[in-house]
Amino acid sequence: MANPKEKTAMCLVNELARFNRVQPQYKLLNERGPAHSKMFSVQLSLGEQTWESEGSSIKKAQQAVANKALTESTLPKPVQKPPKSNVNNNPGSITPTVELNGLAMKRGEPAIYRPLDPKPFPNYRANYNFRGMYNQRYHCPMPKIFYVQLTVGNNEFFGEGKTRQAARHNAAMKALQALQNEPIPEKSPQNGESGKDMDDDKDANKSEISLVFEIALKRNMPVSFEVIKESGPPHMKSFVTRVSVGEFSAEGEGNSKKLSKKRAATTVLQELKKLPPLPVVEKPKLFFKKRPKTIVKAGPEYGQGMNPISRLAQIQQAKKEKEPDYVLLSERGMPRRREFVMQVKVGNEVATGTGPNKKIAKKNAAEAMLLQLGYKASTNLQDQLDKTGENKGWSGPKAGFPEPTNNTPKGILHLSPDVYQEMEASRHKVISGTTLGYLSPKDMNQPSSSFFSISPTSNSSATIARELLMNGTSSTAEAIGLKGSSPTPPCSPVQPSKQLEYLARIQGFQV
C-alpha cells in the first residue's frame with residue numbers, strides 16, 4: 001500500500017458489518033498445490049450473502065474475498081468521515097518552528113521569539129449591598145494562556161497556546177502561511193547599512209546585560225549591579241536593582257532579581273546607544289627587529305691542522321705528567337655577544353684564552369700554553385697540503401678530509417715532533433750514564449759486516465730488534481760491537497727509528 005493510513009478491504013468490511021449489525025465470517029474451504037506453491041480458498045459470509053476467492057496465502061485470500069464483497073454487497077454502506085484536518089501536522093514530523101528556521105535562513109532573516117506577559121483578568125468587585133441569596137457555587141479559575149511574539153525580518157506574528165512551546169508553534173505556523181508564497185529578497189544592502197544590520201542581528205541574540213558589559217568594555221567604563229530595595233511578602237517579593245555604567249545609571253523592578261537586573265540593563269542600554277561612535281584606531285604594524293647572529297665565525301683557516309687541546313694532552317701523556325686542567329673564569333659581554341675566558345693549568349704554568357664560546361676559548365688557552373712552554377704554534381692544514389702538492393693540478397671540489405700521501409703501511413701511529421722529543425727526553429732520564437754508539441746515515445748503506453767484526457746470527461739480530469723496540473737500547477748490540485772491533489772514533493748519533501728500519505730490513509719484516 002502506498003499510504004499506510006489507508007484502510008484495507010477487511011477493515012471496510014468490518015465497518016460495513018457494524019453499520020448493518022451483522023457478523024462477518026471467514027472460512028478456509030480448500031488448500032491445494034505443492035508445499036512451495038500452495039493455493040488457499042476462503043469463503044466470506046456477510047448476512048445472507050457469501051463470496052469465495054483464492055490466494056497464495058490465507059491473508060491474501062481474505063483480502064481478495066473482502067474486495068469482492070465490497071463491490072457485490074447489497075447492504076447499505078456507511079458514510080465515510082472526512083479525515084481530520086490538523087494544521088500542525090507536517091510530513092516527516094517536522095515542527096513548524098524547525099520549518100520556519102529553514103525558511104528564515106534562506107531569506108537571510110533571523111526568527112526571533114519573545115515571550116509576552118498574559119493579559120490581566122478584569123478586576124471583579126462584589127456588590128456588598130446585595131441583599132439576596134449568596135451564590136455559593138465554586139467558580140474554577142480560567143486556564144493560563146501563553147503568548148509569544150515572533151519577528152521575521154520586518155514581519156511580526158503573535159501566537160498563543162496552553163504552553164509556551166505550543167504558542168511558539170502557533171506563531172511559527174502563522175509565519176509559514178504568510179511567508180511561503182512571498183519571494184526571497186535578493187537586495188544587497190550597502191556596506192554601512194549591512195554592517196549595522198549585522199550588528200543588530202548579532203545584538204538581537206544577546207541579552208541586554210551582555211550588551212551593557214560589551215559597550216562598557218569598549219569604552220573603559222565600570223559596571224556594577226546593586227539590589228537597592230526588596231519588598232513584599234515571601235511568596236510575592238518585589239526587587240529593585242540599580243545598574244551603574246560610568247556616568248549613567250538606571251533602575252529596574254521585577255518579581256525576581258534576574259528580571260529586575262534585566263530591566264535595569266534595558267533602560268541604561270538605551271542611553272548608552274545614544275553615545276557617539278568610537279573612533280577607528282588603526283593598529284600599528286608590528287616591527288620585528290632582525291636578530292643578530294649569536295655565533296661569530298672565526299677565520300676560515302681556524303681549527304685546521306692539529307687541535308692544540310689534543311696536542312697539549314699528548315705532550316703531557318708523553319711526559320707522564322698530570323693532564324691539563326681547564327677552568328672557566330668568567331663570561332663577559334652582552335647576552336648575544338658573549339666572551340668566555342678559559343684558564344688552563346699545566347704543573348705550575350698557567351695560561352688563559354678568550355673566545356665567543358667555550359670551545360674556542362679552550363683552544364686559545366691551549367695554544368697560549370703551548371707557546372708558553374716553548375712549542376711552535378699549530379700549523380694549518382692548508383699549509384701542509386701546499387707543501388705536499390695536494391692542491392696542485394685539481395680545481396674541482398674536494399672532500400672534507402684529505403687522504404694520507406705517504407706510503408707507510410697501516411697500523412703505524414704517527415706522533416708529532418714535540419711528543420717524540422718529550423719521549424726521547426724521558427727515555428734519556430731513565431737510562432742515564434749509558435753512552436750508545438749509533439750508526440751514521442752513511443754507514444747504513446754499507447754491508448752488515450762493516451759494522452761488527454762478528455757477523456750477527458739470526459737469533460742475535462732478533463734479540464737486538466726486540467730490545468730496541470722494548471727499551472730503546474740493545475745491550476747485545478753493544479756487546480757485539482765491543483768484542484768484534486777496536487774502538488772506533490765516535491760517529492754522529494743516529495735516530496732509533498733508522499736503526500729499527502735497518503734491523504727490520506735485515507730480518508725481512510715490516511714495522
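The values are calculated or read from the model by the stated rules, or taken from the named source; none is laboratory data. Source: prediction; values computed, not measured. When we count neighbours, we look across all protein chains shown, and the Cβ atoms used for this are built from the backbone with ideal geometry, even at glycine.
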Checklist entry - Out of the range 311-339, which residues are over 19 Å from Ala368 (Cα atoms) and among the β-branched types (Val, Ile, Thr)? => result none
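Which of the residues belonging to the range 87-109 are assigned to a loop (DSSP other than H, G, I, E, B), of a type outside the set (A, V, I, L, M, F, W, C), at pLDDT below 85 and under 15 Å from Ala172 (Cβ atoms)? Outline the logic, then answer.
Taking the range 87-109 first, the residues assigned to a loop (DSSP other than H, G, I, E, B) are 87-90, 94-95, 108-109.
Filter once more, keeping what is of a type outside the set (A, V, I, L, M, F, W, C): 88-90, 95, 108-109.
Of the ones still in play, those that are also at pLDDT below 85 are 88-90, 108-109.
Within the range 87-109, Asn88, Asn89, Asn90, Glu109 meet the criteria.
For the range 18-58, how many residues are in a helix (DSSP H, G or I) and surrounded by 13 or more Cβ atoms within 10 Å (Cβ to Cβ)? Break it down stepwise before answering.
Taking the range 18-58 and keeping what is in a helix (DSSP H, G or I), we get 18-20, 58.
Checking which are surrounded by 13 or more Cβ atoms within 10 Å (Cβ to Cβ) leaves us with 19-20, 58.
Counting residues in the range 18-58 that are in a helix (DSSP H, G or I) and surrounded by 13 or more Cβ atoms within 10 Å (Cβ to Cβ) gives 3.
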Checklist entry - Would the range 353-369 turn up any residue that is assigned to a strand (DSSP E or B), out of contact with any Phe, Trp or Tyr (no Cβ under 9 Å at 6 or more places or on another chain) and of a type in the set (A, V, I, L, M, F, W, C)? => result no
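Restricting to the range 207-263, and then to whatever is over 23 Å from Leu275 (Cβ atoms) and buried (at least 16 other Cβ atoms within 10 Å of the Cβ), can you tell me which residue is modelled with the lowest pLDDT?
Looking at residues that are over 23 Å from Leu275 (Cβ atoms) and buried (at least 16 other Cβ atoms within 10 Å of the Cβ), I get Gly254.
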Checklist outcome for this item: Going through the range 59-76 in order, the residues found to be part of a helix (DSSP H, G or I), polar (S, T, N, Q) and surrounded by 14 or more Cβ atoms within 10 Å (Cβ to Cβ) are Gln62, Gln63, Asn67
